[in-house]
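What follows draws every value from the coordinates through simple rules; no lab data is involved. The model shown is predicted, which means the values in this text are computed figures rather than measured ones. Please note: Cβ atoms are built from the backbone with ideal geometry, for glycine as well, and neighbour counts cover all protein chains shown.
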Amino acid sequence: MTSKFSSTRRVFMMHSALASAATLLAASAQAQSMVAEADPQAAALGYKADASKVDKAKQAKYAAGQACGNCALYQGAAGSAAGACPLFAGKQVSAKAWCSAWAKKG
């Protein structure tokens, strides 16, 4: 037989665990910073936060109209200002940015 106390305690513990998980999830989503052009991975890929500022003489792969927002690797929602990219784990890229790993969306 279950006492009222243990049932209430069990419900309290479940609610506490859910609240903690939700708080951690929200904090991790907000903690993602933007990729800096000076980041070693970004520099190696010729990352520019603004694709219109790509030096076309140095980046032969760049073509007008290419940007992270229309790259197959971009994981942000359509129309979003920034989103995740698997090349820069834990950081976000601007939808208007570009790097040499740009790949046409299928």
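For K53, the lysines whose Cα falls under 25 Å of its own Cα, not counting residues fewer than eight places away in the same chain, are K61, K91, K96, K104, K105. Label-to-label distance, M34 versus N70, with points set 7 angstrom from Cα along the beta-carbon direction: 2.1 nm.
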